[in-house]
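*Asks:* One structure follows; several queries about it will come next.
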């Protein structure tokens, strides 16, 4: 069993929650922009990482669209 994958997954979750909490410290307009940007970057990285797996590409697109909506409409 490859133990590196679950460890990296847990590390990624911890970093993601930490960045989300840090972005919320800046107040409403800046926090929404930073969090939206994080979702766009996460979606773009998921699309890049997918390499032909359609469901990961769709998930990345959904994350990127949510990031755009978070930056513009969903304050």
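*Asks:* What do you get for Rg/Rh over the chain if you use C-alpha atoms and the Kirkwood form of Rh?
*Replies:* Here Rg/Rh amounts to 1.05.
*Asks:* Given a cut-off of under 8 Å on Cα pairs at least six residues apart, what relative contact order in percent is computed for the range 4-72?
*Replies:* Relative contact order here is 32 percent.
Taken together, the values in this text are just the output of simple stated rules run on the coordinates, not laboratory data. Computed from a predicted model, the values in this text were never measured in an experiment.
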